[in-house]
Amino acid sequence: MTFEMGRVELHLRDAVKKHGAGHLTLIDPDSQTPQEAGRMAQAASHGGTDAIMVGGSVGATGALLHQTVAEIKKVTDLPVILFPASVAGLCENADAVFFMSLLNSRSPNYLIENQAMGAPLVLRYRLEALPMAYIIIEPGGTVGYVGDARLIPRKKPELACAYALAGKYLGMRLVYLEAGSGADSPVPASMVALTKKLLGDVLIIVGGGIRSGAAAAELVAAGADLIVTGTAVEKSQDVASFISELTSSIRR
């Protein structure tokens, strides 16, 4: 049986093909009420984001997660993709899930055990699984601590590439280079460029520390296919305008 691309993955690839790059808005259910999350997603949609990611390192579980996804789906037709910290970050009313392994974690929980526990739920919930290698770069932030990651040094792009290439050879069609929410600066452009050069048609996602259109544009020029913003969106006074600045900066 061939593990083929589903509707959501094709949607992301079409956005990259059409515009040169895409944008994902990350909403942490633990950071605001479900109703506020819905308003944030609606504003992000108006700003031109391509999909909504829902998840967080702590507290993004249970009824709060389910209600947040429900409120988002009330106000936008964009795909809602779960970004789970563990098996508890799954719910049946989303469209897809980043089915990921944190490749530079020292804990089997984040390499394979949560994935094994979650796989039957993904099947039962009929979520589209997006196979993704997740790699944490310095400084790593909360996700680096919670995920027990052996952080990739910013000045060692070859190490990030080694993990990313391993992900590709394991069959993962997406690679996420993550500097951590609220990082002082994004993943280095040189690291993105080398990774993209080696991985070819694998979608390169970059997140953490991206606060401006200029920063996003630099990463896209280096080879990023999808840009993720979360903390900066939460702190924005005008989400639609902020997202619009980002999307207009990265698109052809």
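What the table below lists for this structure:
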item: Alpha-carbon centroids, segment 155-219 and segment 118-141: separation in whole Å; result: 16 Å
item: Highest-first arrangement of 80-88, 115-123, where packing means the average Cβ count within 10 Å; result: 80-88, 115-123
item: Mean accessible surface per residue for the chain, computed with a 1.4 Å probe while every protein chain stays in place, in Å²; result: 44 Å²
item: Percent RCO, i.e. relative contact order, over the chain, from Cα pairs under 8 Å lying at least 6 residues apart; result: 20 percent
item: Unit charges on C-beta of K, R, D, E only; dipole of segment 130-206, Debye; result: 240 debye
item: Computed E for Arg124/Asp30 - FRET, C-beta separation, R0 35 angstrom, nearest 0.05; result: 0.90
item: With every protein chain in place, the chain: carbon and sulfur % of accessible area (1.4 Å); result: 54 percent
item: Charge dipole (debye, nearest 20) of the chain; +1 at Cβ of Lys and Arg, -1 at Cβ of Asp and Glu; result: 560 debye
item: Amide H partners (placed H, <5 Å) of Glu128, local residues excluded; result: Ala96, Val97
item: Answer label, with Kirkwood radius over Cα pairs in Å calculated from the coordinates and candidates [x] 17.6; [y] 20.1; [z] 19.3; result: [x]
item: Inter-label distance, nm, simple model (7 Å from Cα along the C-beta direction), Lys156/Leu170; result: 1.8 nm
item: Shape call, segment 173-252: gyration tensor on alpha carbons, a/c limit 1.5; result: prolate
item: Nonlocal amide H pairs with Leu26, under 5 Å, H built at 1.01 Å; result: Met53, Thr229, Gly230
item: Between segment 12-90 and segment 226-252, the Cα center-to-center distance that results, in Å; result: 14 Å
item: Per residue convex hull volume, Cα atoms of segment 146-186, in Å³; result: 91 Å³
item: Bins of 10 Å, starting at 0 and running to the largest distance - Cα pair percent for segment 95-185; result: 18, 47, 30, 6, 0
item: Percent antiparallel among DSSP beta bridges (both partners in the chain, rounded to 5); result: 5 percent
item: 15 Å Cα-Cα reach of Lys155 towards aspartates and glutamates, excluding residues that sit fewer than 8 places from it in its own chain; result: Glu138, Glu178
item: Size of charge dipole - segment 180-252 - debye, nearest 20, with Cβ of Lys, Arg +1 and Asp, Glu -1, no other charges; result: 180 debye
item: Listed residue pairs exceeding 26 Å between alpha carbons, taken from Lys17/Lys196; Lys17/Lys156; Lys18/Lys73; Lys156/Lys196; Lys73/Lys168; result: Lys17/Lys156; Lys73/Lys168
item: Solvent exposure ordering (accessible area, 1.4 Å, most first) of Asp30, Asp225; result: Asp30, Asp225
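The values are calculated or read from the model by the stated rules, or taken from the named source; none is laboratory data. Nothing here was measured: the structure is a model prediction, and the numbers come from that model. Cβ coordinates were reconstructed from backbone atoms using ideal geometry, including for glycine residues, and neighbour counts include every protein chain displayed. All accessible areas refer to the heavy atoms of the entire protein, side chains included, with ligands and DNA or RNA removed. Shrake-Rupley method; radii C 1.70, N 1.55, O 1.52, S 1.80 Å.
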